[in-house]
Amino acid sequence: MNRKLTIKGINLEGVAPFLLPLLLFWLILFVNLPDSFNQYFHTYSLGLFLLVITLYCVSFSLPGNIGAMVALGLTMALLSLSLSYMWTSGFSDNFVIGGLLPYKDGKNYYAGANLILNGLPMLNAGQATERPLFPGFLASLLWLTGQNLKISLGIIVQLVGVGVYLSAQQIRNLFGVLAASLFATLMYFYIQTFIGYTLSELLGLMAGCFGFAMILQASYRRKWVDLVLGVAVLLVGVSARAGAFLIFPMLALWIGWIFREKRSFDLKRAVYAFILILGLYFLINTVYSRLLGIPSGYSFGNFSYALYGQVRGGTGWHRAIEELGTREPTVVYRAALDFFLKHPLSLAIGFAKSYRDFFWYGDSNVFAFTGQDWHHPVNIILWLAMIFLLLNGIFQLFKGSRLNSDSLLLAGFIGVFLSIPFLPPIDGGSRFHAGTMPFFFAALVAGIRGVSRGRQDQMNGDDPLPNHLLVSRSTSLLLLAMVLLVPLLIYKFGTKPALTGVECLADEQQFIIEAHPGSYIDLIKDKSAQCGSLPQVCLDDFEDNNVELKVDDYYQKLVAFAGSNSPNFRLIPAIDLIDNEFHYFYIPLDQLPRHGASDLITGCGIEVKTRNQSIFQVKSVLSKEK
């Protein structure tokens, strides 16, 4: 007799194969593959595009659990190889230092997470104050991992990969192997540019994928519980990286369409859905911020700059700061309204530029292959092919709009399309759309649906791998808890450790920080020493793979500190627990305490200001265990 091994209804034979790809992800990260090999998977190239889509075609063609394991394994391998490059190359740019430490925007989110861990409100933390969902999520992961930033970032990338896989499987069930393969490939190259960074786009992508998978499954199962859960998770994704909010009115209209009875449209249910969405929005974006101690008026304050740039004819967010000399949102909104009343046509010009930049061939385009090596004829052909597929996909969705899934994807695309002018690519390319990219790419691949499968599965609501629904539900619930509940508990019960004063020289000041494994880098000058894998970063790699070294005085200062007569040093991004200010602490390795890296470190030093950051140059150290 052939019995299935189950526990409380869970088919263990179906779940067990999925553990291997998750383990593969960490195995690749910790075998220290050469960065010269990993680099191939960290940037777009035509060869990699063809390789990825071919491998996905093979993976999604395999049946049952084998196919699921191979497809998930491929996703895990691609993402881990890209992350491995960051961890072995010492790569540095505007968002990351040495392949690990958050910088500029990422630094603000990391500082916000550390404030939450110490029970402190996220004030004066830049983007963290304006968009607190990602700092809260990061605080939850840091709390679970013993404040190990490296492991926390690995978990984030892995969860993004699981979300991509689950959403791609839904596309496979509906439209077939080729559509799913192209969808997964496009999602991979969109994600590739964010891997290894401490940025809110990653939570947006992750939650967007989980929400997409749940809502799509609810479209043919007609389960209100799954639908509400999917909408809540999607709202987290679009709020974490403020994005295409106009997708939600379209979803409310879609709900009135698919849950109609005998009428052609159920207005009452659409209104109820819209009220529910407004309630969830209020809880996620207003109540949550207040519970974290953030005053009113901070959330999405930077939208005022984008709007001002649009009414000025699409000049970008920086125009407001240049012309008005302020970062006060109310002042910017008032100035935008005054200019619009005098020059209404200018806003239309700004909107038109946004659509041009989003779809036309160039650096701000939504497709990865229109950036680097844009002049390559094959990349131009790929871009034209994607535009053709998108137009054909929209046409096919219109034709099939009586079907629940087709009408959902059509509504989602319209919501994204209408949001483009309010998320101008000139301000950040397509990264504003992180939470809704699954809907955009799903509309694109809808025109190449397979004839051998998809429709029957769609109409019957059958999933060849039923555990996908269980995984989608459980990960969505877990994600909501990690984003919305756990950070509030950490903030409420988190306390700063007891502080002890020390005597410093007249020109020095005391500092007290917490240092944790996986949350710092050691810059090593001698390549014969063990370096090249975090936390040890070779100084040569740090300089060679630093794309901002020539223009950023912060990096120039670090390299100057590491002069020929200076010892190797540790760089720790941390909150000074004395004044709650964030600094990068520069500590020579020979001054570090020997008895533990998780202790409180206190000592004396001097603050060195650079144009955008603060380096605290440590002169003396003593350590005290917590």
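Beyond 25 Å between alpha-carbons counts as too far, so tell me which of 496/557; 104/353; 104/342; 492/609; 104/557 fall in that bin. Cα-Cα > 25 Å for 496/557; 104/353; 104/342; 492/609; rest within.
Note down the relative contact order for segment 53-163 as a percent, whole number, built from C-alpha pairs under 8 angstrom at least six residues apart. This gives 20 percent for segment 53-163.
Over the C-alpha atoms of segment 303-342, the Rg to Rh ratio, Rh being the Kirkwood estimate, stands at 0.90. Descending by average beta-carbon neighbour count within 10 Å, the peptides 173-185, 196-208, 570-582 line up as 196-208, 173-185, 570-582, the highest first. Dipole magnitude for segment 303-342: computed about the Cα centre from +1 point charges on Lys and Arg Cβ and -1 point charges on Asp and Glu Cβ, it is near 80 debye. The residue among 276, 88, 420 whose Cα reaches farthest toward the positive pole of the charge dipole of the chain, with charges on the beta-carbon of Lys, Arg, Asp and Glu, is 276.
For the chain, the spread of Cα coordinates along the three principal axes comes to 81, 75, 53 Å, biggest extent given first. Only the Cβ atoms of Lys and Arg (+1) and of Asp and Glu (-1) were treated as charged; on that basis the dipole of the chain about its Cα centre amounts to roughly 2560 debye. With respect to the chain, whose longest principal axis is taken over its alpha-carbon atoms, helix 344-359 is tilted by about 90°. In a simple Cβ point-charge model (Lys, Arg +1; Asp, Glu -1; nothing else charged), segment 509-624 has a dipole of about 260 debye relative to its Cα centre.
For the chain, averaging the sequence separation of C-alpha pairs within contact (under 8 Å, six or more residues apart) and dividing by the residue count gives a relative contact order of 17 percent.
Among 534-546, 385-397, 221-233, what's the highest-first ranking by average C-beta atoms within 10 angstrom per residue?
Ranked from most to least packed, the peptides come out as 534-546, 221-233, 385-397.
Shape class of segment 509-624 from the Cα gyration tensor (axes a ≥ b ≥ c, square roots of the eigenvalues): oblate, since a/c reaches 1.5 or more and a/b does not exceed b/c. At a Cβ-Cβ separation cutoff of 4.7 angstrom, cysteine residues of the chain with no neighbouring cysteine are 57, 209. Sorted ascending by nearby beta carbons within 10 Å, beginning with the fewest, 526, 266 become 526, 266. Taking every alpha-carbon pair under 8 Å whose residues sit at least 6 apart, segment 303-342 reaches a relative contact order of 41 percent. Taking a sphere under 14 Å around the Cβ of residue 239 and counting the other residues whose Cβ falls inside, with K and R at +1 and D and E at -1, yields a net charge of 0. To the nearest ten degrees, helix 177-192 and the longest principal axis of the Cα atoms of the chain are 20 degrees apart. Counted over the chain, the DSSP beta bridges are approximately 80% antiparallel.
When the charge dipole of segment 509-624 is built from unit charges on Cβ atoms (+1 for Lys and Arg, -1 for Asp and Glu) and taken about the Cα centre, the candidate among 521, 591, 562 whose Cα reaches farthest toward its positive end is 591. Helix 12-30 and the longest principal axis of the C-alpha atoms of the chain enclose an angle of approximately 40°.
Checking the a/c ratio against 1.5 first, then a/b against b/c, what shape does the Cα gyration tensor give for segment 161-306?
oblate
Sorting 602-608, 317-323 by their mean Cβ neighbour count within 10 Å, with the most densely packed peptide first, gives 602-608, 317-323.
Any read-out appearing in this document is the output of simple, stated calculations on the displayed coordinates, not a laboratory observation. Note that this is a predicted model, so its numbers are computed, not measured. Cβ coordinates were reconstructed from backbone atoms using ideal geometry, including for glycine residues, and neighbour counts include every protein chain displayed.
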